[in-house]
Amino acid sequence: MAFDIEMIEKVYSNFSSRIEAARKLLNRPLTLTEKILYAHLHESQSLEDFQRGGSYVDFAPDRVAMQDATAQMALLQFMQAERTTVAVPSTVHCDHLIQAKVGADIDLSTAKDQNKEVYDFLASVSDKYGIGFWKPGAGIIHQVVLENYAFPGGMMIGTDSHTPNAGGLGMIAIGVGGADACDVMAGLAWELKFPKLIGVKLTGKISGWTSAKDVILKVAGILTVKGGTGSIVEYFGEGARSLSATGKGTICNMGAEIGATTSIFGYDEKSEIYLRGTKRGDIADLADQIKEHLTGDEEVYANPENYFDQVIEINLSELEPHINGPFTPDLAWPISKFAAAVKENGWPAKIEVGLIGSCTNSSYEDISRAASLAQQAIDKNLIAKSEFTITPGSEQVRYTVERDGFLATFGKMGGVVLANACGPCIGQWDRHGAEKQEKNSIITSFNRNFSKRADGNPNTHSFVASPEIVTAMAISGDLTFNPLVDTLTNSKGEQVKLEEPTGWEMPVNGYDVKDAGYQSPAEDGSKVSVIVDPKSARLQLLEPFKAWEGTDLKGLKLLIKAKGKCTTDHISMAGPWLKFRGHLDNISNNMLIGAVNYFNEKTDSVKNQLTGEYLSVPKVQRDYKAKGVGSIVVGDENYGEGSSREHAAMEPRFLGVRAVLVKSFARIHETNLKKQGMLGLTFVNKDDYNKIQEDDSIDILGLTSFAPGKTLTIQLTHKDGSTESFAVAHTYNAQQIEWFKAGAALNIIRAGVAA
Ligand code: SF4
């Protein structure tokens, strides 16, 4: 279907020359990660320009994938570039907004109703700009990408943190914010800090109850939720080659839980089998021709400690099934130690619900192995003690496992099939009784188990395991059950034991699907209109931000001097506000409402200098905007850390804030501000933060000669008429200064398209 063989041919045609050049320059063998990164350097970036470790590098990704929640603002921004089509192949996937309540059919039709305006917008904007559109019900972004778009040696960015799933097929796939996706679709380079490299050597072979999921559950236990930060994890060794491509996808997917930039496996026989099995034999043929470049060099894997920053070794033959949790995915328990942990910690032993599937674990292999246990339960007269749900990752998998009888088997065990969507994994689970907030346990094959994630109940103890273990535990209904050694009492009072699960890596009769749920974009999008209801509360077309007026900025009012931590959550809160993520005006009513006002230590209470009243931050700023008065936000250290959401930069820009002046910035937020045409400045002398008073009028001087590396001046006029000034620094390069002058980076792209 919609893969782009020509694009892949082009990528591969560059591989040899670029990798040879890198090898020569570095004078050493290369890891797979390095090869793919070097092969995707942006044309503006020369190989000599950067050193591994620490430097920021421009890349040219091959693809963009977006899920429906984050795609909204990314695409609203992209429209501003006024291109006729996206610069690289891109897709939208409707998966996050479907709530799981009753079962697939009813839940899907309710979601289509409730989210109609969002789906209509996404379908029409995709149609217009050459973007592949996967309708609600088609599946979860990462599973659909693995089945259709991932290819060995490719580079993809996706607006979702589990984008690394495609690493299972040898792709560098990285989760990003909507602004990055917008840039790449608009034809800009994409910047990444060159990562550290963690090598995971897998020896032996998994068997019996152990599955690929247990590899990442073990790795999460070793590295913890922070251990992979700033790193790409590269798996290799005979054990890696023995894992199915979808199993590798599971490992890379959940690698997001150790904070890794992404994870990757090399191209091997299993990748080839999967590509051919998913009707992409032409890609396998191409990959075979350059297969020596689609894995790390032999010398690297022979002496990994010389080439990776950290090396971990795991013997798959000795790896036990694991159960991780509760409340964090890195609390790893081998199954033999888990029952004791349950008892010692007083976790509720009764399992209320077992949930399998999600983008992490819903391959044919996963479902067939889990179904083999369900069949055993039926054959051995066991009645499942817990509720049980199945979330297929894609319509292709769902259709195929239904055809092969597995869904019917789950049905006999009392399982409920949910829509091919995120559902409970992202808290879109209208779980009956969750509002009572009772202490309870659930077990899932998902990837995240933070408090409240699944059902909103902070007392739900959520554990993560493989689909096989989840199924066995759901049959037993008891967290202290160890299916490897324990027996269960059946309906006849007999003691029975579950045998090891069995299944198929790939369907013997091939994958099949009637309607995969894909909508191709129009050949000629110029006649397609993007559907946005002007009265919509959830979507609003964007107006370009105004260009800089060409003068210094004078008489700005202090909107807020934020004290202490001010993350993107403090600047643009999530939770209920997320439903407005496609409507800049409405979501701007959350601007900075979580920031603490230095002068009264309160949140969302700042002085309106025009009236003297203390009101909420957005209200005061809207008053300034209405009266044509500019303002400035002052902040503390690491301002804008946390999620990369672009709303935190767009809202102040939209409401008329002219500059953000802080002790230091989190880098992504600083870049986001620059992209929106905002001035992001830092105190040269951090103590100058103390000079700023509540009633100050503030001038920013030096803008007419704004230049890289040259400081600007802030002049404060205090309430008593006295003045003081100090220097402020910035990190704008020449191009970013043009963004500021034009009013936003997208304004420049639009001008370039029009020229
Ligand atoms: S299934 Fe869960 S982890 Fe996967 S994309 Fe959806 S919300 Fe994210």
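Points worth noting:
- Alpha-carbon spread of segment 497-611, three principal axes, descending order, Å: 73, 57, 29
- Of the cross-linked pairs K579/K619; K205/K385; K337/K439, those separated by over 29 Å at the C-alpha level are K205/K385.
- Translational diffusion of segment 454-520, µm² s⁻¹ [Kirkwood Rh, Cα pairs; Stokes-Einstein; 37 °C; 0.692 mPa s]: 208
- Taking every protein chain into account, the accessible area of segment 535-612 amounts to 45 square angstrom per residue (probe 1.4 Å).
- Summing charges over neighbours of V144, with a neighbour being any other residue whose Cβ is under 13 Å away from its Cβ, gives -2 when K and R count +1 and D and E count -1.
- By accessible area with a 1.4 Å probe, ligands and nucleic acids excluded, highest first: order of Y399, Y598: Y598, Y399
- Model label sites at A727 and A302, defined 7 Å from Cα along the beta-carbon direction, differ in position by 5.5 nm.
- Across the chain, Cα-Cα distances exceeding 46 Å account for 23% of all pairs.
- Of K213/K436; K627/K691; K452/K561; K112/K674; K135/K193, pairs whose Cα-Cα distance is over 28 Å: K213/K436; K452/K561; K112/K674; K135/K193
- Compactness ratio for segment 269-317: Cα radius of gyration over 2.2 N^0.38 Å (N = residue count) comes to 1.51.
- Here the relative contact order of the chain, from alpha carbon pairs under 8 Å that lie six or more residues apart, stands at 13 percent.
- For segment 598-721, the alpha carbon convex hull comes to 123 Å³ per residue, rounded to a whole number.
- Rounded to the nearest 10 square angstrom, F580 shows an accessible area of 50 square angstrom against a 1.4 Å probe.
- Ordering S242, S705, S491 by accessible surface, largest first, gives S491, S705, S242; the 1.4 Å probe counts only protein heavy atoms, with every chain in place.
- For segment 5-71, the Kirkwood hydrodynamic radius from C-alpha pairs, put into Stokes-Einstein at 4 °C and a viscosity of 1.567 mPa s, yields a diffusion coefficient of 97 µm² per second.
- Rg to Rh, two decimals, where segment 363-444 supplies the alpha carbon set and Rh follows Kirkwood: 0.99
- Translational D in µm²/s for segment 294-356 (Stokes-Einstein at 37 °C, 0.692 mPa s, Kirkwood Rh from C-alpha pairs): 216
- For P164, the shell of other residues with beta-carbons less than 14 Å away shows a net charge of 0, using +1 for Lys and Arg and -1 for Asp and Glu.
- Sequence-separation-based contact order of segment 370-500, relative, with Cα cut under 8 Å and 6+ spacing, percent: 29
- Net +/- balance of residues flanking H322 in space, Cβ distance below 9 Å, scoring K and R +1, D and E -1: 0
- Burial ranking of peptide ranges 516-524, 599-607, 567-575 (average Cβ count within 10 Å, highest at the top): 567-575, 599-607, 516-524
- Here the Kirkwood formula, the inverse mean of 1/r across different C-alpha pairs, assigns segment 659-755 a hydrodynamic radius of 14.4 Å.
- Semi-axes of the equivalent ellipsoid of segment 114-209 are 29, 20, 11 Å, computed as sqrt(5λ) over the eigenvalues of the C-alpha gyration tensor in descending order.
- The mean of 1/r over all pairs of different alpha-carbon atoms in segment 238-358, once inverted, gives a Kirkwood hydrodynamic radius of 17.6 Å.
- Secondary structure note: in segment 31-177, about 5% of the DSSP beta bridges are antiparallel.
- Approximating the spin labels as points 7 Å out from Cα along Cα→Cβ, the L701-to-K193 distance works out to 3.6 nm.
- Student exercise, the chain dipole from Lys, Arg, Asp, Glu Cβ charges, in Debye to nearest 20: 1540
- Cα lying deepest toward the dipole's positive end in the chain, options G175, G281, S44, charges on Cβ: G175
- Panel note: the C-alpha atoms of segment 200-251, placed on their principal axes, show extents of 31, 20, 18 Å (largest first).
- With Cα atoms, 0 to 90° folded angle of helix 467-476 axis to the chain main axis: 60
- Accessible carbon and sulfur surface of the chain relative to its total accessible area, %, 1.4 Å: 49
- By average C-beta atoms within 10 angstrom, highest first, the peptides 121-131, 216-226, 546-556: 121-131, 216-226, 546-556
- Packing rank of 359-368, 322-331, 716-725, 258-267, where each peptide gets the mean count of other beta carbons within 10 Å, highest leading: 359-368, 258-267, 322-331, 716-725
- Across segment 34-39, rounded Karplus estimates of 3J(HN,Hα) from the backbone phi angles (6.51 cos²θ - 1.76 cosθ + 1.60, θ = phi - 60°) give 4, 4, 5, 5, 4, 5 Hz, Gly and Pro being marked x.
- Annotation: the antiparallel percentage among DSSP beta bridges lying fully within segment 347-494 is about 10.
- Within the chain, helix-based [θ] at 222 nm, where runs of 4 or more DSSP H residues each add -39,500 (n - 2.57), nearest 500: -9000 deg cm²/dmol
- HN-Hα J in Hz across segment 710-722 - Karplus 6.51, -1.76, 1.60, θ = phi - 60°, x for Gly and Pro: 9, 6, 10, 10, 9, 10, 9, 10, 6, 4, 7, x, 6
- For segment 522-600, the relative contact order works out to 35 percent when only alpha carbon pairs closer than 8 Å and six or more residues apart are counted.
- Fraction of antiparallel bridges per DSSP, the chain only, in percent to nearest 5: 40
- Pairwise Cα inverse-distance average, inverted: Kirkwood Rh of segment 585-647 (Å): 12.7
- Solvent-accessible ranking of I378, I531, largest area first, probe 1.4 Å: I531, I378
The values are calculated or read from the model by the stated rules, or taken from the named source; none is laboratory data. Everything numeric here is computed off the predicted structure, so don't read it as measured data. Virtual Cβ from ideal backbone geometry, glycine too; neighbours counted across all protein chains shown. SASA here: full protein model, heavy atoms, side chains in, ligands and nucleic acids out. Shrake-Rupley method; radii C 1.70, N 1.55, O 1.52, S 1.80 Å.
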